[in-house]
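To start, the structure under review is shown below, and the notes come after it.
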Amino acid sequence: MSDTTNAEITQDVAVQTLAITRQYKRGSITVPALNGIDLTVKKGEIVGIIGPSGSGKTTLLNMVGGLDSPSHGKVLIDNVDLSTFNDDQLSDYRLHKVGFIFQFYNLIPTMTALENVEVPMNLAKIPKGEREQRALELLKLVGLGSRTDHLPAELSGGEQQRVAVARALANNPSVILGDEPTGDLDSKSAEALMDLLVSLRKGRKTAFILVTHDPLVVGECDRVYSIRDGKVIRTQGKAENRKILGDERTMLNKLY
Ligand code: ADP
Ligand code: MG
């Protein structure tokens with residue numbers, strides 16, 4: 001009986017890190033980047049990571065994204081331990097289970113929006129017809145159905161980031177990782193992007209982990225982990241996030 005209960009609980013979990021640490025060696029000096037991080041992200045959940053520069057945010061995303069591995073501790077995705085993967089399985093994992101969104105979009109400048117969205121499907125060897133069809137559907141989903149033939153330079157920052165979201169969704173990943181996804185957007189585009197992410201998680205089981213400094217992003221997260229010196233110093237739920245956002249707005253209103 002208890003086994004069944006545990007199975008039901010863990011089925012909801014997309015990402016889990018268990019006491020992960022990461023030390024970098026610089027010459028004879030060891031730099032501790034992560035000092036034992038426990039993180040749990042459920043399917044369909046949007047989790048924020050905040051913390052000062054150098055606190056380990058990007059290192060943490062790299063661990064979950066299979067771009068780097070912990071010195072100690074485990075990363076589990078859909079209950080599978082990443083440390084059991086060989087290099088081929090890890091590449092496969094990055095291609096099929098993870099979507100990445102970057103601050104500066106990272107689209108290929110010589111490719112159209114449609115071709116950019118096709119890239120991960122091309123790597124996954126999905127046939128051309130199916131690839132094009134799905135890329136078109138994804139661009140429609142992010143509100144860019146009429147921009148499929150545009151090059152990145154012919155799109156606004158907000159539109160380019162929407163293409164990046166469509167690309168991140170291409171192989172239907174379990175988790176989407178964003179490192180400052182609104183960092184280069186004006187507030188209106190940032191708001192539209194967050195509305196999009198919130199709408200996307202409704203019909204899907206995709207989990208989102210967003211590293212951010214943006215109160216607008218924080219306000220939409222289900223939970224936020226504050227990290228400092230590679231450790232979680234606080235986690236807060238949605239009501240508290242909204243309150244912080246409200247306080248910030250009140251403060252700004254008083255100032256201006
Ligand atoms: P954040 O994204 O929160 O700014 P990072 O995860 O990039 O922080 O970095 C955490 C700490 O680890 C910092 O002290 C940084 O200098 C160090 N660090 C990150 N990557 C490396 C690396 N490849 N080699 C050595 N030190 C690194
Ligand atoms: Mg960083």
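The values are calculated or read from the model by the stated rules, or taken from the named source; none is laboratory data. Keep in mind the model is a prediction, meaning the values are calculated, not measured. All Cβ positions, glycine included, derive from the backbone under ideal geometry; neighbour counts span all protein chains shown.
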- Task: Hey, can you tell me all the residues within the range 75-131 that are free of Cβ contacts under 8 Å to residues at least 40 places away in the same chain, polar (S, T, N, Q) and either touching a Leu at 6+ places or on another chain (Cβ under 7 Å) or closer than 17 Å to I209 by Cα (or both)?
- Result: T112
- Message: Restricting to the range 43-67, count the residues that are more than 13 Å from ligand 2 (Cβ to nearest atom) and of a type in the set (D, E, K, R).
- Response: 2
- Residue in the range 162-218 that is surrounded by the fewest Cβ atoms within 10 Å (Cβ to Cβ), counting only those that are within 23 Å of K125 (Cα to Cα) and of a type in the set (G, A, S): S174
- Query: Considering the range 110-126 alone, what residues qualify as being assigned to a loop (DSSP other than H, G, I, E, B) and either surrounded by 13 or more Cβ atoms within 10 Å (Cβ to Cβ) or within 22 Å of the chain's Cα centre (by Cα) (or both)?
  - Reply: M111, T112, A124, I126
- Query: Does G129 satisfy the condition of being at pLDDT 95 or above and either surrounded by 15 or more Cβ atoms within 10 Å (Cβ to Cβ) or assigned to a loop (DSSP other than H, G, I, E, B) (or both)?
  - Reply: no
- Message: Which numbered condition in (1) crowded, with 18+ Cβ neighbours inside 10 Å; (2) among the charged types (D, E, K, R); (3) at pLDDT below 90 is the only one that R223 fails?
- Response: (3)
- Message: Give me the residue from the range 133-168 that is in a helix (DSSP H, G or I) and of a type in the set (S, T, N, Q) and, out of that set, farthest from N116 (Cα to Cα).
- Response: Q133
- Task: Filter the range 45-82 for residues that are among the small types (G, A, S), surrounded by fewer than 20 Cβ atoms within 10 Å (Cβ to Cβ) and farther than 19 Å from R94 by Cα and give the result.
- Result: S53, G54, S71, G73
- Task: Select from the range 48-107 the residues that are under 23 Å from N35 (Cα atoms), within 15 Å of ligand 1 (Cβ to nearest atom) and among the polar types (S, T, N, Q) and list them in ascending order.
- Result: S53, S55, T58, T59, N62, S69, S71
